[in-house]
Amino acid sequence: MSSLVLSPRSKTHTVRTTAIPGFGLTLGYTIVYLSLLVLIPLAGVFFKAAGLGFEGFWHVVSSPRVLAALKLSFGAALIGASINAVFGTLVAWVFVRYEFPGKRFFDAIIDLPFALPTAVAGIALTALYAGNGWIGQYLEPLGIKIAYTPLGVIVACTFIGLPFVVRTVQPVLQDAEKELEEAAASLGADRWQTITRVILPTVLPAVLTGFALAFARAVGEYGSIIFIAGNLPMVSEIAPLLIIIKLEEFDYAGATAVASAMLILSFILLLLVNGLQVWARKRHGGSR
Amino acid sequence: MSTVFDTTLQDPPGLPPEFGQGPLMRRNAAVTEVPWVRWTLILAALLFLLGFLFLPLIAVFVEALRNGFAAYFAAITEPDAWSAIRLTLLTAAIAVPLNLVFGVSAAWAITKFDFRGKSFLITLIDLPFSVSPVVAGLIYILIFGAHGWAGPWLMDHGIKVAFAAPGIVLATIFVTFPFIARELIPLMQEQGTEYEQAALSLGASGWQTFWRVTLPNIRWGLLYGVLLCNARAMGEFGAVSVISGHIRGQTNTMPLHVEILYNEYQFSAAFAVASLLALLALLTLGLKAWLEWRHGEELSASRKH
Amino acid sequence: MDIKVRGIQKNFGSFPALGGVDLDIESGELIALLGPSGSGKTTLLRVIAGLEFPDRGQILFGEEDMADQPIRERRVGFVFQHYALFKHMTVLDNVAFGLRVRSRGERPPEAIIRERARELIELVQLAGLEKRYPTQLSGGQRQRVALARALAIEPRVLLLDEPFGALDAKVRKDLRRWLRQLHDKTGVTTIFVTHDQEEALELADRVVVMNKGRIEQVGSTDEVYEKPATPFVFDFLGNTNVLPGEVRGREVYVDGQTSAIVTDSIHAAGPVDVYVRPSDLRVTDAHAAGFDAVIRSMQRTGPIVRCEATAVHSGQAIEIEVPHLHHDTQALRAGQQVRLRLNQFSVFPRQTRKGGGALPDVVANAPAEYRERGRS
């Protein structure tokens, strides 16, 4: 209906294309704000990384310590997001389908990882999962150490990604017609068949979306991880922390290289998940 | 926060009450689970939530009060803590209104008009969700740092951005700007443009239309977005940590102050300051739940973060 | 206020919503824009309002060109299909909105605004509901609030988009009659959009029939119904039988029948389509002008008996409608062959049914002698 171009008309006036005012003002403001805040600074990162040249970039990124950090960040995020995909779907299912005491309270508290500052989450998780912590003290005799190991990183990644899967799957389950299940049942499917062949395919795209969001969030996470991770180089040191360490050493180029590597990897992975999502939606005709 | 305790176990709704118990249960086995499966699932979900959400929250308050109330109050009233609180409030007081104007403006442009590049614009708005906060801090260091492009020039003119309050505000704005826009875009999309058209046809100007018609229609969604934006602005850690320089009493926000205390093994003091932030989070969640419960129909149906 | 629409063209992307529309509307008229969805009727209404802007062409209010006038300066009362009542305002505040947003110099004092709003609320028979919110009103009441709100700005023209579309049948009928009375009282030039031919015919002074972004015919209710300009108009305004026919001189042979129907209009000789409504077919004696058909089945629906029949020669399926108590009903028996007379019909050149091209102009309408009985 409207376009950025106001084409001149035969006479003196121009063609108006929409009755609603404020297009130039709001779009202009939006673009200026985004350019100043996002586009120009972000372009700067790549510019800086490009200044290293590919050799320099590779030299930084391929150093064992950086590789280990990237591997940990992405690996832990992937595992955390997977845990959330399973348990998040379970939680959403339980919330939508069952009645139990305290449901409203638990439903409200799901969003805690959005609202709780990450540093607070970090020290709280450490207090719980450290060797002398509330939960850690029971695990330690079993030989399971969580805090100050890669396991701790996974715990933190799970914490901050938890709401994403729940909140994307919940509305889809809510909208899913009970009739589908009844139809499956009427055709002779047992409960397990109904769940695996009818319900799960319906919510799969939403689960994948939640997974992607949780993963993206966890890869870049810093605050809730550094307290519980212990930050041992090569073992439990995450990529964002490495960026900060390099910055503190005034190795701006190195920091930028790690940051670019993270951005590129996240981008590729998100693209993959996006493709998977499109596939799932087409294949199963999910409701969202 | 209101909690409803439903003690009776219910079959899923939609079955007429006149069905007898026996046949109902058998018929129903195909569309719901037998009780032991149901309760196992509920238990598993709740245990998961307990370990990952509820206990951490409790831990904050318990640890904060470990050395008694006196120590607690001392920790949150000492000068450094106090200056961290002030800086946090100041940051939010600048970042939230700026992002509010941006969010409304972006949502207006995106939902009331069609133009090329719209989906790119929306992607751009979502960007901070997928960029590490540390990277967000880094990009501002690269520009405003002592070795950055604009840093030296600005410093020559007496303006300090990195390792100072302006940098903290900038990084906070970057990390929190999507929240309000993301809340408003789907909401305003659902509402369409008919109300605005009606107001204009009755002779209202653009501003009158916005203030008298659009704003009342989106007020709850806006409040919702502001709540989330504010919670994140006050609690942002990664981006702020990079750019602040951790100067005690000057460039420390509350989350950074928590980190410093924690690293100095002043655990109770760290948890005491953290408990203030946790209270803020609880307040946010409470208000959020209230909004969803009371004004749910005036929030966007496809709300997700 | 009289309104002139001159050569309006409007595309949505590559879709031509309006392809050169001309229309003159007289002051005080009540006009219906009638057409199927996608015919461009709503777009035309929105162009007149200033909610859409044409790619080409002019809208004149009197002699004044509206091209540069944004909607807020046009003073058009627009009633939206779903009313677009402001949910957070009471009925009174909704109606008063248009007066309150006026610039300081033109704005009447608050007391007068309230007074005027009350008058209007009374005019639309909603007195006593001033303090209600839109969600507390029924569909018909909302519709009337929307109307009062539009009238409050003393519009030069009142525009209604599917004004009764969202209402149930009974309310719709009452409101229709009431709107006609209201129009007669206020005398505001009014244009409304509808896809319901009954609504258009009952309410409007003149009907504008639109199809595919063009105007097919403009005329009074009688004109469009009895002298449809195109096959589309005939078809759109009611149930239709299309029979193959042929014109020779002043005679029309229907369904290859030797007994010709004589018309008093001049037609181009050759194959034609004869359009006739089910209610304009009557049984006649075997020698009279008409064509033969075999009755297949009969079904009474309320006061009307509906027959399905087949034309003897072409095998064309035909529908016949007769009032239940009409003497014809006795002659109509399944399996029986009857001769059918055409009360009223239109003749159009045989169409090559491919669609796309412009429809041919009217060649002839039914002759006077066939109108003797009027419509049943």
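The values are calculated or read from the model by the stated rules, or taken from the named source; none is laboratory data. Being a predicted model, the structure only gives us computed values, none of them experimental. Cβ: placed from backbone, ideal geometry, glycine included. Neighbour counts: every protein chain shown. Ligands, DNA and RNA are stripped out before the accessible areas are found, and what is left, the full protein with its side chains, is counted by its heavy atoms. Shrake-Rupley method; radii C 1.70, N 1.55, O 1.52, S 1.80 Å.
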* In region A:107-130, how many residues are more than 7 Å from chain B (Cβ to nearest Cβ), in a helix (DSSP H, G or I) and more than 21 Å from the chain's Cα centre (by Cα)? -> 2
* Asked: Going through region A:94-106 one residue at a time, which ones are farther than 16 Å from B:Leu53 by Cα and either among the basic types (Lys, Arg) or within 7 Å of chain B (Cβ to nearest Cβ) (or both)?
  -> A:Val94, A:Arg97, A:Tyr98, A:Glu99, A:Phe100, A:Pro101
* To do: Those residues that are more than 18 Å from the chain's Cα centre (by Cα) and open to solvent by 70 Å² or more (accessible area, probe 1.4 Å), I need them from region C:160-173; list them, please.
  => C:Asp168, C:Lys170
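Residues checked against (1) at positive phi; (2) surrounded by 20 or more Cβ atoms within 10 Å (Cβ to Cβ); (3) at pLDDT below 85; (4) in contact with a strand residue (DSSP E or B) (Cβ under 7 Å, 6 or more places away or on another chain):
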| site | (1), (2), (3), (4) |
| --- | --- |
| B:Ala29 | no, no, yes, no |
| B:Leu53 | no, yes, no, no |
| B:Pro79 | no, no, no, no |
| B:Val96 | no, yes, no, no |
| B:Ala106 | no, yes, no, no |
* To do: Please work out which one of (1) within 14 Å of chain B (Cβ to nearest Cβ); (2) crowded, with 23+ Cβ neighbours inside 10 Å; (3) touching an Asp or Glu at 6+ places or on another chain (Cβ under 6 Å) is the condition C:Ala49 fails and give its number.
  => (3)
* Structure fact -> Going through region B:40-67 in order, the residues found to be within 23 Å of the chain's Cα centre (by Cα) and more than 7 Å from every other protein chain (Cβ to nearest Cβ) are B:Leu50, B:Ile58, B:Phe61
* From the options A:Glu182, A:Glu140, A:Glu221, A:Glu177, residue that is acidic (Asp, Glu) and within 17 Å of the chain's Cα centre (by Cα) -> A:Glu221
* When you go through A:Gly220, A:Gly230, A:Gly210 one by one, which is the residue that is within 7 Å of chain B (Cβ to nearest Cβ), touching a residue at least 12 places away in the same chain (Cβ under 8 Å) and of a type outside the set (Asp, Glu)? -> A:Gly220
* Report yes if some residue within region C:174-183 is in contact (Cβ under 8 Å) with a residue 60 or more places away in the chain and surrounded by 17 or more Cβ atoms within 10 Å (Cβ to Cβ); otherwise report no. => yes
* Sole exception among (1) open to solvent by 30 Å² or more (accessible area, probe 1.4 Å); (2) modelled with pLDDT of 90 or more; (3) not charged (D, E, K, R) for A:Ile110, by number -> (1)
* To do: Output the number of the condition that B:Pro216 fails; it satisfies all remaining conditions of (1) touching a residue at least 12 places away in the same chain (Cβ under 8 Å); (2) open to solvent by less than 40 Å² (accessible area, probe 1.4 Å); (3) touching a Phe, Trp or Tyr at 6+ places or on another chain (Cβ under 9 Å).
  => (1)
* Output the residue which, of all residues in region B:68-108 that are without any contact (Cβ under 8 Å) to a residue 12 or more places away in the chain and within 12 Å of chain A (Cβ to nearest Cβ), is nearest to C:Glu52 (Cα to Cα). => B:Ser105
* Run C:Ala317 past the list (1) open to solvent by less than 50 Å² (accessible area, probe 1.4 Å); (2) at pLDDT 90 or above and report the number of the one that doesn't hold. => (1)
* Can you name every residue in region C:208-222 that is over 24 Å from C:Pro16 (Cα atoms) and in contact with a strand residue (DSSP E or B) (Cβ under 8 Å, 6 or more places away or on another chain)? -> C:Gly219, C:Ser220, C:Thr221
* Looking at (1) surrounded by 19 or more Cβ atoms within 10 Å (Cβ to Cβ); (2) under 15 Å from A:Val120 (Cβ atoms), which is the one condition that is false for B:Ile260? -> (1)
* To do: For C:Val76, state whether it is in contact with a helix residue (DSSP H, G or I) (Cβ under 9 Å, 6 or more places away or on another chain), facing chain B (nearest Cβ under 8 Å) and open to solvent by less than 80 Å² (accessible area, probe 1.4 Å).
  => yes
* Run down B:Glu264, B:Glu259 and say which single residue is over 29 Å from B:Pro128 (Cβ atoms) and among the charged types (D, E, K, R). => B:Glu264
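Rundown of residues vs (1) buried (at least 18 other Cβ atoms within 10 Å of the Cβ); (2) more than 13 Å from every other protein chain (Cβ to nearest Cβ); (3) in contact with a Lys or Arg (Cβ under 6 Å, 6 or more places away or on another chain), yes/no style:
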| residue | (1), (2), (3) |
| --- | --- |
| C:Gly20 | no, yes, no |
| C:Ala32 | yes, yes, no |
| C:Pro36 | no, yes, no |
| C:Gln58 | no, no, yes |
| C:Val95 | yes, no, yes |
| C:Glu115 | no, yes, no |
| C:Glu119 | no, yes, no |
* Asked: Which one of these is within 12 Å of chain B (Cβ to nearest Cβ) and within 30 Å of B:Glu194 (Cβ to Cβ): A:Leu90, A:Leu27?
  -> A:Leu27
* Tell me, yes or no, whether region B:293-300 has at least one residue that is within 11 Å of chain A (Cβ to nearest Cβ) and open to solvent by 10 Å² or more (accessible area, probe 1.4 Å). => yes
* Exactly one of (1) more than 9 Å from chain A (Cβ to nearest Cβ); (2) under 30 Å from C:Arg102 (Cα atoms); (3) touching a residue at least 12 places away in the same chain (Cβ under 8 Å); (4) not hydrophobic (A, V, I, L, M, F, W, C) is unmet by B:Thr251. Its number? -> (2)
* Structure fact -> A:Val169 meets each of (1) open to solvent by less than 40 Å² (accessible area, probe 1.4 Å); (2) within 21 Å of A:Arg97 (Cβ to Cβ); (3) at the interface with chain B (Cβ under 8 Å from one of its Cβ atoms); (4) in a helix (DSSP H, G or I) with one exception, condition (3)
* Asked: Right, B:Gly137: outside any loop (DSSP other than H, G, I, E, B), more than 10 Å from chain A (Cβ to nearest Cβ), touching a residue at least 60 places away in the same chain (Cβ under 8 Å) and within 19 Å of B:Thr253 (Cβ to Cβ) or not?
  -> no
* To do: Name every residue in region A:175-184 that is touching a helix residue (DSSP H, G or I) at 6+ places or on another chain (Cβ under 6 Å) and not acidic (Asp, Glu), in order of residue number.
  => A:Ala176, A:Leu180, A:Ala184
* To do: Kindly indicate which of C:Val247, C:Val224, C:Val242, C:Val252 is aliphatic (A, V, I, L, M), open to solvent by less than 60 Å² (accessible area, probe 1.4 Å), over 30 Å from C:Pro108 (Cα atoms) and under 17 Å from the mean Cα position of the chain (by Cα).
  => C:Val224
* Structure fact -> Among residues of region A:193-207 being without any contact (Cβ under 8 Å) to a residue 40 or more places away in the chain and more than 10 Å from chain B (Cβ to nearest Cβ), the residue most open to solvent (accessible area, probe 1.4 Å) is A:Arg197
* Taking region B:71-108 as the region of interest, how many residues are under 30 Å from B:Trp220 (Cα atoms) and among the polar types (S, T, N, Q)? -> 4
